[in-house]
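Beneath this line is the structure, given in C-alpha cells, with notes to follow.
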Amino acid sequence: MRVLLAALLFACGCAQAQTATCHLDYGGEIRRIAARPTDKPYAVPTVQVGSFFLFRLVFEKDTAIKTYVYADRDNAAPAPLHQGSFPWPPRNGGAYGFTGLHFVYEPLRDGELKYWCELS
C-alpha cells in the first residue's frame with residue numbers, strides 16, 4: 001500500500017520538494033534566485049547583485065520563507081537594508097507571487113533593486 005501511495009505521489013509531482021524563486025531586477029539586469037527547503041537557515045549564503053547589494057533567500061522548512069537585502073560596503077561588514085518574512089504556507093497573490101513587488105534603494109547611490117518571489 002505504501003509503495004502504491006508513493007508511486008501515485010511521484011506520478012502527480014506531489015512528492016517533489018517545492019522551490020521558492022525570487023525575480024530580481026537591478027539596473028535592467030534580470031535574474032532569478034531559487035531556494036529549496038532547508039533545516040539550516042544560517043548556512044544559506046548571500047548572492048552578489050550588482051556592485052552594491054547582497055541578496056539572501058531562505059526557505060525554512062515548514063516554517064517561513066525569508067528574504068534579506070544587504071549593502072555590500074567597502075572595508076566593512078554587510079549592512080542590512082531590508083528583510084521580508086512570509087509565513088508558511090505562502091499564498092501566491094497574483095502578478096507578484098506571495099511577496100508582492102518590493103523596492104530597495106541604495107543609500108549612497110541612486111540604484112534601485114526590485115524583487116518579487118513565487119513558489120513553484
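Scan segment 16-74 for residues that are among the polar types (S, T, N, Q) and within 10 Å of the chain's Cα centre (by Cα) and jot them down.
Within segment 16-74, 19, 21, 67 meet the criteria.
Being within 17 Å of residue 37 (Cβ to Cβ), among the β-branched types (Val, Ile, Thr) and buried (at least 18 other Cβ atoms within 10 Å of the Cβ): is that true of residue 69 here?
Numbers: within 17 Å of residue 37 (Cβ to Cβ): no; among the β-branched types (Val, Ile, Thr): yes; buried (at least 18 other Cβ atoms within 10 Å of the Cβ): yes.
When the stated conditions are applied, residue 69 does not pass them.
Looking at segment 56-73, I want the residues that are touching a residue at least 60 places away in the same chain (Cβ under 8 Å) and have a partner that is assigned to a strand (DSSP E or B) and of a type outside the set (S, T, N, Q) with Cβ atoms under 6 Å, at least 6 apart or on another chain. Which pairs are those?
57/22; 57/33; 57/35
Just the residues that are surrounded by 13 or more Cβ atoms within 10 Å (Cβ to Cβ) and either in contact (Cβ under 8 Å) with a residue 24 or more places away in the chain or in a loop (DSSP other than H, G, I, E, B) (or both), please, taken from segment 74-83.
As a first pass, look at segment 74-83 and keep what is surrounded by 13 or more Cβ atoms within 10 Å (Cβ to Cβ): 78, 81-82.
The answer is 78, 81.
Are there any strands (runs of 3 or more DSSP E) wholly within segment 30-72 with 1 or more residues that are among the acidic types (Asp, Glu), and if so which?
Here the list reads 53-60.
What residue, among those in segment 20-53 that are in contact with a Phe, Trp or Tyr (Cβ under 8 Å, 6 or more places away or on another chain) and of a type in the set (Phe, Trp, Tyr), is surrounded by the most Cβ atoms within 10 Å (Cβ to Cβ)?
Among those that are in contact with a Phe, Trp or Tyr (Cβ under 8 Å, 6 or more places away or on another chain) and of a type in the set (Phe, Trp, Tyr), it is 53.
Where a number appears in this text, it was derived from the coordinates with a stated rule and is not lab data. None of the values given here were measured: they were computed from a predicted structure. Using ideal geometry, Cβ is built from the backbone for each residue, glycine included, and neighbour counts are taken over all protein chains shown.
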